[in-house]
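The values are calculated or read from the model by the stated rules, or taken from the named source; none is laboratory data. Just so it is clear, the structure is predicted and the values come from calculations on it, not from any experiment. When we count neighbours, we look across all protein chains shown, and the Cβ atoms used for this are built from the backbone with ideal geometry, even at glycine.
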Amino acid sequence: MSLGGGVSTAQARLERRPARLSLARRESLKGLGYSAPTAVIVGVFFLLPLVLVVWMSMNRWRILGSPTFNFPDNYTKIPDNQLFLDSVTFTLKYTAITTVLLSGIALALALSVQNQRPGVGLFRTAYFLPGAVGFAAASLLFYGFYSQTGPLDSILMDLGIADEPINWLGTPNAALFSTIGMVIWRFAGFNMLILLTGLQAIPTEVYEAARSDGASRWQTFRYITLPLLRSTIALMLVISITGSLLAFDQFFILTRGGPDGTTVSMVMVIFREGFTRFDLGSAAALSVLLLVVLVVLNVIQLRVLGRER
Amino acid sequence: MKLGYYTTGAALSILFLFPLLWGGYESFRGQPGSGQESGFGFGNYTRMADYGEGIATYLINTAAVSAMTVVGTLLVSALGGYAFARFRFPGKEALFLATLAILMVPYATILIPLYVVLGHLGLQNSLVGLSLVMIMFQLPFAIFMMRNSFEAVPRELEEAALVDGCTTFSALRRILLRAVRPGLITVGLFAFLASWNDFFAPLILLSDGDKFTLPVAVVAMRERSFGAIDYGALEAGVMVMALPCVILFLVLQRHYVRGFTAGALRG
């Protein structure tokens, strides 16, 4: 029995070196000790709630009163929740438009400030500065900015672009694109910074080689920068898509879901189920659904990312 | 060519700074019926300061949550990062993966059960409970950052101290913490910006007006204004929220950018 023999020689070796063993054990005890606060926080405030949310989704769970098991009611009633179905369509539309515009603008900004030259640091700071403002504060800022007291109407009318004041949040499309404008203002610099880290990882020799081969600016961008930037762009897309699918602050604060409930995001419906209708079970079921979709999406995106490398 | 570059850059910079500058201007500008009847002054700020429990309460609440979150995140991630970088222990990989998995789970999905969990812990409607939740949301970035920071420190630095009879804890406290200071500043800055500004977690976890943080309080102020909305007071509230972050970012910009470089290594 080679297996038994192996174990007994290992045992003999361990017995011959008791100091080693206790050292290893002491090391693992210390490691456990130092990581204990992390384990407690992750366990109590992340893993436990993660299990609980699944259990809640299987119960009739009101904010007051004791829960009763009702699986699968919270899930089977989702297709009847017209508000949620509408919010899925709206959130997907918002995600698609935002991601395309935001990525394009961030890429242009990153390319424009990637090279060191006098004053470029000031530009970077200016583009990023909105990112230091909280998202809720930014939404409130633009609530005033887009209002009748805001500066846009008079600027556009002075320039002769508009004849009369525009109701920036008044129609479904105006509200959507005004919100996207605010989101781009707030996050373009953030995405630019992500792309800059990727751009700066490209060795300058590669560019020099391209230049000595007589490559044009467009060719350099198309055949060198873009392929080498692919994984950074993928990272930016993952962050942007995930963030947009979970949109809340911008629609809760800036458009308040209006006009006429046309800008209600998925997370807003979850919030409403839980804290306006006090039906935590239903909110939990929608949350679990959202979690599953996002995990699947993340796995697919990571797969694609892995294949490209 | 050069002129074109700088003109475009300057125009874009103005475009990005304009809404903030406008907000600042509007917060001082007078409007009939507002706190500042005419001219320019602090009238909108005093009007806003009188709202609800008074701005002082909300400022103290927000500062308390931010302080607890920053200190807690630094403490947990410095110890945890040290453990992940220097020790072998059972469950190490699993704990690291579980911590990173926090990034994958939607905010709402975890906050709904947390509302129930905090209730059982006697931490409902509590600033301490809110801070513990914020620390949890900071951990993926903080642990990742601190583990990398400790790994970048040569082992010889602490081995000399350990040979001299220091315990691992005093080696950490006296020598290593100084070596990973830049990482700690980055982690602290991210924790501050997140906790000062967060809206969704306090909206769900806090129920009493006297516990509200600034973002929730200012949004509530707008919701409760009947008839004409007082935009001057609103923008004054926005400025109180935004200014500390803008100043802190300008001072610690270098440390902020390092957070991105560290994050991008993962991607």
Set A:Leu92, A:Leu50, A:Leu85, A:Leu29: member being surrounded by fewer than 15 Cβ atoms within 10 Å (Cβ to Cβ) and either within 14 Å of chain B (Cβ to nearest Cβ) or not in a helix (DSSP H, G or I) (or both): A:Leu29
Residue that is nearest to A:Asn115 (Cα to Cα), among those in the stretch A:191-230 that are surrounded by fewer than 16 Cβ atoms within 10 Å (Cβ to Cβ) and among the small types (Gly, Ala, Ser): A:Ala201
Matching entry among A:Asp279, A:Asp260 (being among the acidic types (Asp, Glu), modelled with pLDDT under 95 and surrounded by fewer than 18 Cβ atoms within 10 Å (Cβ to Cβ)): A:Asp260
Top-ranked residue of the stretch A:53-82 - restricted to ones that are among the β-branched types (Val, Ile, Thr) and assigned to a helix (DSSP H, G or I), ranked as nearest to B:Ile102 (Cα to Cα): A:Val53
Test: residue in the stretch B:108-117 that is of a type in the set (Gly, Ala, Ser) and either more than 26 Å from A:Phe275 (Cβ to Cβ) or modelled with pLDDT of 90 or more (or both): no
Residues located in the stretch B:225-237, provided they are in a helix (DSSP H, G or I) and more than 14 Å from B:Thr62 (Cβ to Cβ): B:Tyr231, B:Gly232, B:Ala233, B:Leu234, B:Glu235, B:Ala236
The stretch B:132-152, subset in contact (Cβ under 8 Å) with a residue 40 or more places away in the chain and more than 11 Å from every other protein chain (Cβ to nearest Cβ), residue nearest to B:Val105 (Cα to Cα): B:Phe141
Condition met for B:Thr46 (among the β-branched types (Val, Ile, Thr), facing chain A (nearest Cβ under 7 Å), free of Cβ contacts under 8 Å to residues at least 60 places away in the same chain and out of contact with any strand residue (DSSP E or B) (no Cβ under 6 Å at 6 or more places or on another chain)): no
Within the stretch B:203-212, considering residues that are more than 10 Å from chain A (Cβ to nearest Cβ) and not in a helix (DSSP H, G or I), the one nearest to B:Val133 (Cα to Cα): B:Leu206
Flag if A:Ala175 is among the aliphatic types (A, V, I, L, M), at pLDDT 95 or above and in contact with a helix residue (DSSP H, G or I) (Cβ under 9 Å, 6 or more places away or on another chain): yes
Residues of the stretch B:118-137 satisfying the condition of being modelled with pLDDT of 95 or more and touching an Asp or Glu at 6+ places or on another chain (Cβ under 9 Å): B:Leu130, B:Met134, B:Phe137
Residues of the stretch B:93-104 that turn out to be within 7 Å of chain A (Cβ to nearest Cβ) and surrounded by fewer than 20 Cβ atoms within 10 Å (Cβ to Cβ), as a count: 2
